[in-house]
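Just so it is clear, none of the values below were taken in a lab; they were calculated from the coordinates. Small disclaimer: the values here were computed from a predicted structure and weren't measured. Glycine gets a Cβ as well: all are built from the backbone with ideal geometry, and neighbour counts include every protein chain shown.
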């Protein structure tokens, strides 16, 4: 069964929200690249894994407002909430532009603004 790129991204995000980072990473290519515009760039699954372990102390919660698929790209616009190291819930507005390669998440360009 062939899943749409939107379905792949939604399934991957469900894994993150459930706290299952390894399941999320199974949706990624080995050489996945995450760029948080104006901040950091992560290259490879190990770098993403380490980032998730440090940042997703508690699983993030997503509220996707718009999901747009065009060819190999899926853009997600919405809200995300994360707890910081002190346990405070911080809200962000985000726009993630994902590129998929052979049914896997291969590149992320994320625009994230703290509310």
Inset, instruction - Sort the following peptides by mean Cβ neighbour count (other Cβ atoms within 10 Å, averaged over residues), highest first: 13-22, 26-35. - result: 26-35, 13-22
Legend entry - Square roots of five times the Cα gyration tensor eigenvalues for the chain, Å: 21, 16, 14
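Quickly estimate the mean residue ellipticity at 222 nm for the chain, helices only: each DSSP H run with n ≥ 4 gives -39500 (n - 2.57), and the total goes over all residues, rounded to 500.
Values: 3 runs with 30 residues, N = 115.
About -7500 deg cm²/dmol.
Over the chain, what is the mean sequence separation of C-alpha contacts under 8 Å (at least six apart), divided by residue count, expressed as relative contact order in percent? Don't skip to the answer; put the middle values down first.
On the way: 218 pairs, mean separation 29.7, N = 115.
Taking the mean separation of contacting Cα pairs over the length of the chain, I get 26 percent.
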Legend entry - Highest-MSF residue in the chain out of 36, 62, 24 [GNM, Cα springs under 10 Å]: 36
